[in-house]
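Asker: Quick one: the structure is below, questions incoming.
The values are calculated or read from the model by the stated rules, or taken from the named source; none is laboratory data. Just so you know, these numbers come straight off a predicted model, no measurement behind them. For neighbour counting, all protein chains shown are included, and Cβ atoms are generated from backbone atoms with ideal geometry for every residue, glycine included.
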């Protein structure tokens, strides 16, 4: 008795095995995805489902890949992301091993740590907070050159906040935000109003932090 | 013991193994289990992994603990092999309907489905969920190969960067497998994959085990003994492009790296004297071309493993572990050779508790004994001594330390049950073996999936490593194209 | 609702099955004794490269050996017997370290005299002369307990309530290899600390940043993250992953516990300086760190002293119950000095293994180095009260000088400096109020330099016996209060304090 996954695999393997090389591999397996791409939103909500994975297999992206992605998404130079004491690179140096780096030559750490150490999520927080506050400050200070939070300086309304949220998801997670996710970001505006004049920048920095340190951004 | 390390075990395990005591695993159980459950996916190789019943043998997992209770309760331990094998089928059946890991699925259901009966988070797949509804995935598709998911993974795994929003959109508009292969080909050329300190480079570290303080060549340490860059360069070369990965063990050349915007690797040939003239004594390779066996005879490998010892068991054990995936210290890859160990060097390895491993290790070590590492022996190395070289009379130097018998240590040995006359033949047998393909493909599997193949994935794993051997002629890159198309990689 | 602390999570994780896949494994094999605080602390100093016991406490005088000229013996005048102890010490002056011109004085006698009552040396015959393998076996007793390391066993036994029970301040040697038993709780495995100076910065999410964020405000951001994750399809599909769950666990309770204790300030070694402008970044450091720096004044230049400082702080603040430190394989020089300058060399290349180039001088320098670090740590721990019973932290600690193996026993006739290779025969040293102090268990044959063993029950010398690694491993664990019967290891009462 084989479960469905195995049957799918065997079918795929047989299909591949029948091919001489990859160039003739089938693309029929992409049907679901193509269909999904042509549905309008209302139809999607009515028909499509999310099922939990039975494998539940993810991999940690690692400090360097994650930080590079963060830098690209925030439009910052890699050197602007985070430096401890303004001097020591957070991801490539100070927290490198904790975030899955290897250093075989002197430390003789040949493989990434098999289990995340306690310090890993804290190091991630430090890097993300540093980068996100930098981006938020830059965008708030020079709206004309803003990268992510273009609408921040002009008392953003609902549409503006959702636009910034959508941009955040596109740049950091490379996808469109779901409406519910935009709802949360918009609602978060009220949560930070007690920061007074700093509220807009704080909303931007914390929104950025929340997405940048989400498991979706850190794992794949 | 990992899944991929089991194929050589099977039923050849000698009775001597059981002299270790009652606490040890029962290797015949691996095949006996599959007599009872021949259709279980975990039995694809003909026997199951030790982890079916053990965490690390002899410690039992929750399923093993259940089984132990049912195995001739009241009888004195250790059970004889005969009693063990006789009692096993009934004991297995007695706990079929139990749920060892408490995940809601019986042990039998888990075996049939290929999930792990001792890990609660590993359950039979959600077949019903995929079948019971008109399932149309929103985004991640957990019931079929998901090309968008795979596209993202390929970009991260092989190019080292997550795809941008625009790239995801573009691929999502035309998510074909051809485009996945094209993307993979591009990434396999990336610096992230092939440059110094890139993915392939880092994969080699556990095989090379570098130490900067004794490095020679570029970035030499204070005590330059050998240049491990030669080893890294060689590994990346052999596992990239369209090169034959068997040459990790069989090549008779060396490789240099050409840094630049795009890193490239090229072969070179020099004899030891030419290499001394070219690179100086500290870096020069010492083994002449006819005696080279890929990375096994590289200076760094010999220097860092053969330290002062006549019969270099550590060297052989590292080769066995790094290239065939067998860690003898974990009782992996044991394959008794009749009449061994001989104990040529008077180390007491014929004692029962030692012979368990040395009956395998010693005969596979002999072919390494003619290669010089760091010194050792009777003090005077002699006029003909050339470090890190092939020296057919090497053993004679150790009689003062290890006794006269050590001089009779043969160069011929036995690997995986096959006689080999010397290390060149050792390398040929090793590189042509299933364990070599399983080990190398297994390294990439673990790199890309983060773990060894799960029981339910053994068929996929076997498909990949067999095609690596048969269809792809040991070229890693075509193998990777297969790997990313598996369900294990491609279904979230 | 039960507080989800580290222990409870791991129990829960085990039930969920997360433990297996995460390598977290099962709970300790036996229930903890109620109420009694049995906690013990283990300090492993890795004497990387082969610390030869006959170059320290078991040194052989030339007059004692029939083979004095060709055996590694010392002129009688150099070998001191320490009154009231079985130990010896070699004090000598050298003008070079192998071929390196470098003058130094090595004084072992001060340390031995000071700590003899708590020193125990046991003889041993190792099973490998390969560095990596021998090092590993020095902390696993040659895989005597399913491949668990001493440090893991101590962390497993006592570490459930510690933030980082098993801290590895050195790396790259087999002393910090991960054990092969995946069934231990996750906290038992070593946490690597690559850089003792900067690592403490990863103990707080915000303090020390250019723009630190108030914890209360950051909590709002974390709450937002949680809500966004709940809505994320990624989490809805893959949220049952053990890795994700473990990550989410770490960033909650354990992180909060670490931050609440202000460990970033407590464990930062460095004082205010231009290089580390603590005040500018809102950091303060701690008095305990200052105390450690005063005891290890080379902390900024010598990585081993930096490790020792941090090891003390980790123990002092009950962050860890097992710490491992040791010299690197690299040359370490005083700032601004070159090899050859007097007093310049802190650590020779490849540590004790530089004995290949100059045995006697390297052993002298490195033993001095081990003693210096051990002395400092012991002194510091003695100043720290444990609980209210008048005990010090040291009263509950064991310091183990782990090493790969011994060195070859021979030398060219009457050579004062010579090359040595690796040798299975050696001895190992423990210093602790918990061990059978002021003892050498076993002995050495002055004509061969080879050691012999002892009766594990009585400690009586046994010339015909070699001590196996597993026996000594058992004795160490038992001295640390750990029941070794689940591993089937025999009792070695001779190694623990009566």
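Asker: What tally of residues in the range B:329-344 results from selecting those that are on the phi < 0 side of the Ramachandran plot and either buried (at least 20 other Cβ atoms within 10 Å of the Cβ) or not in a helix (DSSP H, G or I) (or both)? So that I can check it myself, show each step before the final result.
Answerer: Step one: of the range B:329-344, the residues on the phi < 0 side of the Ramachandran plot are B:329-330, B:332, B:334-338, B:340-342, B:344.
Narrowing further to those that are either buried (at least 20 other Cβ atoms within 10 Å of the Cβ) or not in a helix (DSSP H, G or I) (or both): B:332, B:334-338, B:340-342, B:344.
Here the count works out to 10.
Asker: Sticking with this one: Of all residues in the range C:310-345, how many are free of Cβ contacts under 8 Å to residues at least 60 places away in the same chain and within 14 Å of chain B (Cβ to nearest Cβ)?
Answerer: Here the count works out to 5.
Asker: Of the residues A:87, A:111, which single one is without any contact (Cβ under 8 Å) to a residue 60 or more places away in the chain, within 9 Å of chain C (Cβ to nearest Cβ) and surrounded by fewer than 19 Cβ atoms within 10 Å (Cβ to Cβ)?
Answerer: Details: A:111 fails: within 9 Å of chain C (Cβ to nearest Cβ).
Step by step, each of A:87, A:111 is checked, and only A:87 is without any contact (Cβ under 8 Å) to a residue 60 or more places away in the chain, within 9 Å of chain C (Cβ to nearest Cβ) and surrounded by fewer than 19 Cβ atoms within 10 Å (Cβ to Cβ).
Asker: If residue C:415 satisfies every condition in (1) touching a residue at least 40 places away in the same chain (Cβ under 8 Å); (2) farther than 30 Å from residue C:157 by Cα; (3) more than 23 Å from the chain's Cα centre (by Cα) but one, which is the exception?
Answerer: (1)
Asker: Then there's this: When the range C:88-99 is examined, which residues are found to be under 13 Å from residue C:55 (Cβ atoms) and either touching a residue at least 40 places away in the same chain (Cβ under 8 Å) or touching a helix residue (DSSP H, G or I) at 6+ places or on another chain (Cβ under 6 Å) (or both)?
Answerer: Restricting attention to the range C:88-99, the residues satisfying the condition of being under 13 Å from residue C:55 (Cβ atoms) are C:88-92, C:94.
Those that are under 13 Å from residue C:55 (Cβ atoms) and either touching a residue at least 40 places away in the same chain (Cβ under 8 Å) or touching a helix residue (DSSP H, G or I) at 6+ places or on another chain (Cβ under 6 Å) (or both): C:89, C:90, C:91, C:92, C:94.
Asker: In the set C:182, C:188, which member is more than 17 Å from the chain's Cα centre (by Cα) and under 29 Å from residue B:210 (Cβ atoms)? Steps first, answer last, please.
Answerer: On the way: C:188 fails: more than 17 Å from the chain's Cα centre (by Cα).
Selected residue: C:182, the only one of C:182, C:188 that is more than 17 Å from the chain's Cα centre (by Cα) and under 29 Å from residue B:210 (Cβ atoms).
Asker: Kindly establish whether residue C:462 is in contact with a strand residue (DSSP E or B) (Cβ under 7 Å, 6 or more places away or on another chain) and free of Cβ contacts under 8 Å to residues at least 40 places away in the same chain.
Answerer: Values: in contact with a strand residue (DSSP E or B) (Cβ under 7 Å, 6 or more places away or on another chain): yes; free of Cβ contacts under 8 Å to residues at least 40 places away in the same chain: yes.
Yes: the conditions hold for residue C:462.
Asker: May I ask you to say which residue of A:144, A:166 is surrounded by fewer than 20 Cβ atoms within 10 Å (Cβ to Cβ), modelled with pLDDT under 95 and more than 8 Å from chain C (Cβ to nearest Cβ)?
Answerer: Details: A:166 fails: modelled with pLDDT under 95.
Selected residue: A:144, the only one of A:144, A:166 that is surrounded by fewer than 20 Cβ atoms within 10 Å (Cβ to Cβ), modelled with pLDDT under 95 and more than 8 Å from chain C (Cβ to nearest Cβ).
Asker: Counting only residues that are at pLDDT below 90 and surrounded by fewer than 24 Cβ atoms within 10 Å (Cβ to Cβ), give me the helices (runs of 4 or more DSSP H) lying completely in the range C:78-195 with at least 2 of them. Walk me through it before giving the result.
Answerer: Values: elements: C:109-115, C:131-140, C:150-158.
Result: C:131-140.
Asker: On the basis of being more than 7 Å from every other protein chain (Cβ to nearest Cβ) and at pLDDT below 95, does residue B:131 make the cut?
Answerer: Numbers: more than 7 Å from every other protein chain (Cβ to nearest Cβ): no; at pLDDT below 95: yes.
No; evaluated as a whole, the condition is false for this residue.
Asker: Helices (runs of 4 or more DSSP H) wholly in the range B:422-492 with at least 2 residues that are under 23 Å from residue B:48 (Cβ atoms) and either at the interface with chain A (Cβ under 10 Å from one of its Cβ atoms) or more than 15 Å from the chain's Cα centre (by Cα) (or both) - which ones? Spell out how you get there, then give the answer.
Answerer: Details: elements: B:423-432, B:434-449, B:458-470, B:476-483, B:487-490.
Answer list for the range B:422-492: B:434-449, B:458-470, B:487-490.
Asker: Answer yes if at least one residue in the range B:81-104 is closer than 24 Å to residue C:246 by Cα and at pLDDT 90 or above, and no otherwise. Spell out the reasoning first.
Answerer: We begin by selecting, within the range B:81-104, every residue closer than 24 Å to residue C:246 by Cα; these are B:100-104.
Filter once more, keeping what is at pLDDT 90 or above: B:100.
Checked against the condition, which is being closer than 24 Å to residue C:246 by Cα and at pLDDT 90 or above, the range B:81-104 yields at least one hit.
Asker: Being more than 25 Å from the chain's Cα centre (by Cα) and in contact (Cβ under 8 Å) with a residue 12 or more places away in the chain, is that true of even one residue in the range C:234-243? Can you show your working first?
Answerer: Here is the first cut: in the range C:234-243, the ones more than 25 Å from the chain's Cα centre (by Cα) are C:234-243.
With the extra rule that they be in contact (Cβ under 8 Å) with a residue 12 or more places away in the chain, the set shrinks to C:242-243.
Scanning the range C:234-243 turns up at least one residue that is more than 25 Å from the chain's Cα centre (by Cα) and in contact (Cβ under 8 Å) with a residue 12 or more places away in the chain.
Asker: Output the residues belonging to the range A:96-108 that are on the phi > 0 side of the Ramachandran plot and facing another protein chain (nearest Cβ under 7 Å). Let's see the steps before the verdict.
Answerer: The first filter runs over the range A:96-108 and keeps only residues on the phi > 0 side of the Ramachandran plot, leaving A:100, A:108.
Matches in the range A:96-108: A:108 only.
Table: residues versus (1) assigned to a loop (DSSP other than H, G, I, E, B); (2) modelled with pLDDT of 95 or more; (3) away from chain B (no Cβ under 14 Å).
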| site | (1), (2), (3) |
| --- | --- |
| C:2 | yes, no, yes |
| C:7 | no, no, yes |
| C:32 | yes, no, yes |
| C:59 | yes, yes, yes |
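Asker: Starting from residues that are assigned to a loop (DSSP other than H, G, I, E, B) and within 11 Å of chain A (Cβ to nearest Cβ), keep the ones in the range C:235-267 and report whichever is surrounded by the fewest Cβ atoms within 10 Å (Cβ to Cβ). Lay out the reasoning, then the answer.
Answerer: Going residue by residue through the range C:235-267, those that are assigned to a loop (DSSP other than H, G, I, E, B) are C:239-241, C:251-252, C:261-262.
Subsequent filtering for residues that are within 11 Å of chain A (Cβ to nearest Cβ) retains C:239-241, C:251-252.
Details: C:239: 19, C:240: 20, C:241: 24, C:251: 22, C:252: 15.
Checking each candidate, the answer is C:252.
Asker: In addition: For residue B:202, all conditions in the list (1) assigned to a helix (DSSP H, G or I); (2) under 29 Å from the mean Cα position of the chain (by Cα); (3) modelled with pLDDT under 95 hold save one; what is the number of the exception?
Answerer: All conditions are met except number (3).
Asker: Would you say residue C:208 is more than 10 Å from chain A (Cβ to nearest Cβ), in a loop (DSSP other than H, G, I, E, B) and either free of Cβ contacts under 8 Å to residues at least 12 places away in the same chain or more than 30 Å from residue B:120 (Cβ to Cβ) (or both)? Walk me through how you get there before you give the answer.
Answerer: Values: more than 10 Å from chain A (Cβ to nearest Cβ): no; in a loop (DSSP other than H, G, I, E, B): yes; either free of Cβ contacts under 8 Å to residues at least 12 places away in the same chain or more than 30 Å from residue B:120 (Cβ to Cβ) (or both): yes.
No, not satisfied.
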